[in-house]
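The values are calculated or read from the model by the stated rules, or taken from the named source; none is laboratory data. Only a predicted model underlies this, so the values are computations on that prediction, with no experimental measurement involved. Positions of Cβ are backbone-derived with ideal geometry, glycine not excepted, and every protein chain shown enters the neighbour counts.
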Amino acid sequence: MHNSDEFRIPIGPQHPALKEPESFSIALKGEKILGVDIRLGYNHRGIEKACEERTYIQDMYLLERICGICSHSHSTCFVQAVEELASVQVPKRALYIRTLIAEFERIHSHFLWLGVAGHEIGFDTLLMYTWRDREIIMDILATLTGNRVNYGINTIGGVRRDITDDHKRQILEAMEKLEERINYYIQIATQETTIIKRLSGVGMLTYEEALKLDAVGPTARASGVARDVRKDDPYAAYGEIVFNVITDSHCDVYGRTVVRLKELLESLSIIRQLVNNIPEGPISVRVPRKIPAGEALSRYEAPRGEDVHYVRSNGTEKPDRVKVRAPTLANIQAVKQMLKDRQLADMPIVVAAIDPCFSCTDRMVAMKSEKGASVIKWQELRNYSIEWYKKHGVDFTELNKKLA
Amino acid sequence: MGLVDCIVNWGRIKSPWILHFNSGACNACDIEIIATLTPRYDIERFGVLLKGTPRHADVLVCSGPVTFQVEDRLKRIYEQMAEPKFVVAVGTCACSGGVFKGCYNIKGGINTAIPVSLYIPGCPASPKAIIDGVVKLLESLEEKEGKE
Ligand code: SF4
């Protein structure tokens, strides 16, 4: 496996370029990346299993905490599946409010991404600027929902808080301010030569590759794949809103930046339409605690791409099975392709460009061999990993003794 | 306390360097920690600087419950920090396990793996709470200095 001029460096689980614990093992020849092995699972908490022991309402708050950046995506996706099972008709006004929060979330997430991307290419001023402007959105989210992150606005059958005329005014005012800032960032991204030079041609993913590797969200759209659940399979209030699916043909990190920036403008226009057209009426309906038996699959366009939740119920107040497929899991395979034959220095920005969220991704996956699935006990798995590391020359036994 | 120690401690109080480690958090506490470092809340005005390696850091800021896979790493990072070192647990799940208590891959709060000096509750802990916590930590250091 190791030939003489191949060189492996580990990055992670704790590394300044990574915001979450994950680990990459990079095979290098000189500065050139030959291949990347990605190891996930540091963030695996066992949420899907925990859902089976909690009621639907509790699960909603638990699933919201899969990931704090796209928390509303996960809770809405789950709630939609449960509502489908219970066959309830959610009031229009509630759907509008959900969509409104969803778009705020997209804006805050894309702003956050822009800052992190700036940081990864050594442009810290951009980080500070975007995070300052992001606070405008955070303030609105805090007034509308009561919390800055993990909004907890959904409930099965609707939403928990209404919006008033005062809120509407505040939102529209803030949108003015944001529009000005977003246009400024678009101007920077399209005219600033350092950014264009640094990002162009980095992390290429062609149209064919994006389709083959099943990329989703802005990663796919930057390779010209016009995939957007909001358009393809409208949920909440998206069916009544006019908006465009932004695509780009650059196929590189620069394209992904442009797509996200233009999506910000789309989000602003969506929010304006929502606020101006929000219907009157109740914001939630009562749903019995026991959900009829059945199964449902729900799709949702999170800021990072398509999020899928599968719920199976057995007629009690607790689900039988919940399965989550977060967008980063779909995109992470593409990262291997993007990094191949690139320079080592490109790695942080290429990884950041899919806007990875590893707390979303760290779900349990069982590998099925031809003989069928196998189950490994936790302790066996742990022993196996310790042995594996020992074989590769990493041994913590001494250290563990010292720490014990 | 000798003169050199006095100066070192003064430096530590005026400019504590922190290392941020996510031990299985949902990211919300992490983005709130970063928000605390950026212009609106700007915790750098207390001299707090984010560092990339445990060997440079005085304070380890942890978010999230301890998952079994991350436990060894967390202990190693703590080992690598130079004395005196402090650990701040940010968020309810770092304090006690929070919503994830009882999940099969969760050991518990940060204090089940390493000693913690300061707990900041909240899900997620808001930037204001984080600033309040950090200031309290610095104050307690100052008091300690006064006593010695
Ligand atoms: S305390 Fe809450 S917000 Fe913070 S990491 Fe834990 S679950 Fe997420």
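Can we say A:Ala94 is more than 18 Å from A:Pro327 (Cβ to Cβ), surrounded by 20 or more Cβ atoms within 10 Å (Cβ to Cβ), more than 14 Å from chain B (Cβ to nearest Cβ) and out of contact with any helix residue (DSSP H, G or I) (no Cβ under 9 Å at 6 or more places or on another chain)?
yes
From the list A:Glu370, A:Glu380, A:Glu387, A:Glu317, pick out the single residue that is at pLDDT 85 or above and either under 15 Å from the mean Cα position of the chain (by Cα) or more than 12 Å from every other protein chain (Cβ to nearest Cβ) (or both).
A:Glu317
Given the conditions (1) part of a helix (DSSP H, G or I); (2) within 16 Å of the ligand (Cβ to nearest atom), and given that A:Gln170 satisfies all but one, which numbered condition is not satisfied?
Single failed check for A:Gln170: (2).
Since B:Gln69 meets every condition but one in (1) out of contact with any helix residue (DSSP H, G or I) (no Cβ under 8 Å at 6 or more places or on another chain); (2) away from the ligand (no atom under 16 Å from the Cβ); (3) farther than 15 Å from A:Gln14 by Cβ, which condition does it not meet?
Unmet for B:Gln69, out of (1) out of contact with any helix residue (DSSP H, G or I) (no Cβ under 8 Å at 6 or more places or on another chain); (2) away from the ligand (no atom under 16 Å from the Cβ); (3) farther than 15 Å from A:Gln14 by Cβ: (3).
Is it the case that the range A:290-311 has a residue that's assigned to a loop (DSSP other than H, G, I, E, B), modelled with pLDDT under 95 and among the small types (Gly, Ala, Ser)?
There is at least one residue in the range A:290-311 that is assigned to a loop (DSSP other than H, G, I, E, B), modelled with pLDDT under 95 and among the small types (Gly, Ala, Ser).
Filter the range A:147-156 for residues that are more than 14 Å from the ligand (Cβ to nearest atom) and surrounded by fewer than 21 Cβ atoms within 10 Å (Cβ to Cβ) and give the result.
A:Thr155
Please work out which residue is nearest to A:Leu127 (Cα to Cα), limiting yourself to the range B:12-41 and to residues that are charged (D, E, K, R) and within 9 Å of chain A (Cβ to nearest Cβ).
Looking at the filtered set, the residue picked out is B:Arg40.
Would a scan of the range B:114-124 turn up a residue that is over 22 Å from B:Lys14 (Cα atoms), in contact (Cβ under 8 Å) with a residue 24 or more places away in the chain and more than 10 Å from chain A (Cβ to nearest Cβ)?
yes
Any residue in the range B:50-71 that is over 16 Å from B:Lys14 (Cβ atoms) and within 10 Å of chain A (Cβ to nearest Cβ) sitting within a Cβ distance under 7 Å of a residue that is part of a helix (DSSP H, G or I) and among the charged types (D, E, K, R)? List the pairs, counting only those 6 or more apart or interchain.
What qualifies is B:Ser63/B:Asp30.
Please verify whether A:Met175 is within 16 Å of the ligand (Cβ to nearest atom) and assigned to a helix (DSSP H, G or I), treating the condition exactly as stated.
Numbers: within 16 Å of the ligand (Cβ to nearest atom): no; assigned to a helix (DSSP H, G or I): yes.
Here the answer is no, as A:Met175 does not meet what is asked.
On the basis of being among the hydroxyl-bearing types (Ser, Thr, Tyr) and within 11 Å of the ligand (Cβ to nearest atom), does B:Ser117 make the cut?
no
Just to be sure before I move on: is B:Glu83 within 13 Å of chain A (Cβ to nearest Cβ) and either β-branched (Val, Ile, Thr) or surrounded by fewer than 21 Cβ atoms within 10 Å (Cβ to Cβ) (or both) in the structure I sent?
On the way: within 13 Å of chain A (Cβ to nearest Cβ): no; either β-branched (Val, Ile, Thr) or surrounded by fewer than 21 Cβ atoms within 10 Å (Cβ to Cβ) (or both): yes.
It is false that B:Glu83 is within 13 Å of chain A (Cβ to nearest Cβ) and either β-branched (Val, Ile, Thr) or surrounded by fewer than 21 Cβ atoms within 10 Å (Cβ to Cβ) (or both).
Can you tell me which residue is surrounded by the most Cβ atoms within 10 Å (Cβ to Cβ) among those in the range B:112-123 that are at pLDDT 90 or above and more than 12 Å from the chain's Cα centre (by Cα)?
We begin by selecting, within the range B:112-123, every residue at pLDDT 90 or above; these are B:112-122.
Of the ones still in play, those that are also more than 12 Å from the chain's Cα centre (by Cα) are B:112-113, B:121-122.
On the way: B:Thr112: 14, B:Ala113: 22, B:Pro121: 16, B:Gly122: 20.
Only one residue fits best here, namely B:Ala113.
Can you tell me which residue within the range A:65-83, out of those that are within 12 Å of chain B (Cβ to nearest Cβ) and of a type in the set (A, V, I, L, M), is nearest to A:Leu95 (Cα to Cα)?
In this case the residue turns out to be A:Ile69.
Name, by its number, the condition in (1) farther than 23 Å from A:Ser23 by Cβ; (2) more than 12 Å from the ligand (Cβ to nearest atom) that does not hold for B:Ile34.
Result: B:Ile34 fails condition (1) only.
For residues in the range B:91-112 being among the aliphatic types (A, V, I, L, M) and more than 8 Å from chain A (Cβ to nearest Cβ), which is nearest to the ligand (Cβ to nearest atom)?
B:Ala94
Please state which of the following conditions A:Leu172 fails to meet, knowing it meets all the rest: (1) at pLDDT 90 or above; (2) closer than 30 Å to A:Leu339 by Cβ; (3) not small (Gly, Ala, Ser).
Here A:Leu172 meets the rest and fails (2).
For A:Ser269, all conditions in the list (1) under 19 Å from the mean Cα position of the chain (by Cα); (2) surrounded by fewer than 20 Cβ atoms within 10 Å (Cβ to Cβ) hold save one; what is the number of the exception?
(1)
Under 8 Å between Cβ atoms, which residue pairs at least 6 apart in sequence (or on different chains) link something in the range A:26-47 that is more than 25 Å from B:Ile106 (Cα to Cα) with a partner that is among the hydroxyl-bearing types (Ser, Thr, Tyr)?
Close Cβ pairs (under 8 Å, with a partner that is among the hydroxyl-bearing types (Ser, Thr, Tyr)) amount to A:Val36/A:Ser25; A:Asp37/A:Ser25.
Among the residues of the range A:114-126, how many are touching a residue at least 40 places away in the same chain (Cβ under 8 Å) and either outside any loop (DSSP other than H, G, I, E, B) or outside the structural domain of A:Gln58 (by TED's automatic domain parsing) (or both)? Walk me through it before giving the result.
Start the filter on the range A:114-126 by keeping residues that are touching a residue at least 40 places away in the same chain (Cβ under 8 Å), which leaves A:114, A:116-117, A:120-121, A:123, A:126.
Add one more test, that the residue is either outside any loop (DSSP other than H, G, I, E, B) or outside the structural domain of A:Gln58 (by TED's automatic domain parsing) (or both), and what stays is A:114, A:116-117, A:120, A:126.
Qualifying residue count for the region: 5.
Scan the range A:115-141 residue by residue and report those that are more than 9 Å from chain B (Cβ to nearest Cβ) and over 22 Å from A:Ile171 (Cα atoms).
If the condition is that a residue be more than 9 Å from chain B (Cβ to nearest Cβ) and over 22 Å from A:Ile171 (Cα atoms), then A:Ala117, A:Gly118, A:His119, A:Glu120, A:Ile121, A:Gly122, A:Phe123, A:Asp124, A:Thr125, A:Leu126 are the ones that fit.
B:Glu139 - would you say it is more than 16 Å from the ligand (Cβ to nearest atom), part of a loop (DSSP other than H, G, I, E, B), more than 14 Å from the chain's Cα centre (by Cα) and more than 14 Å from chain A (Cβ to nearest Cβ)?
Considered against the rule, which asks whether it is more than 16 Å from the ligand (Cβ to nearest atom), part of a loop (DSSP other than H, G, I, E, B), more than 14 Å from the chain's Cα centre (by Cα) and more than 14 Å from chain A (Cβ to nearest Cβ), B:Glu139 comes out as no.
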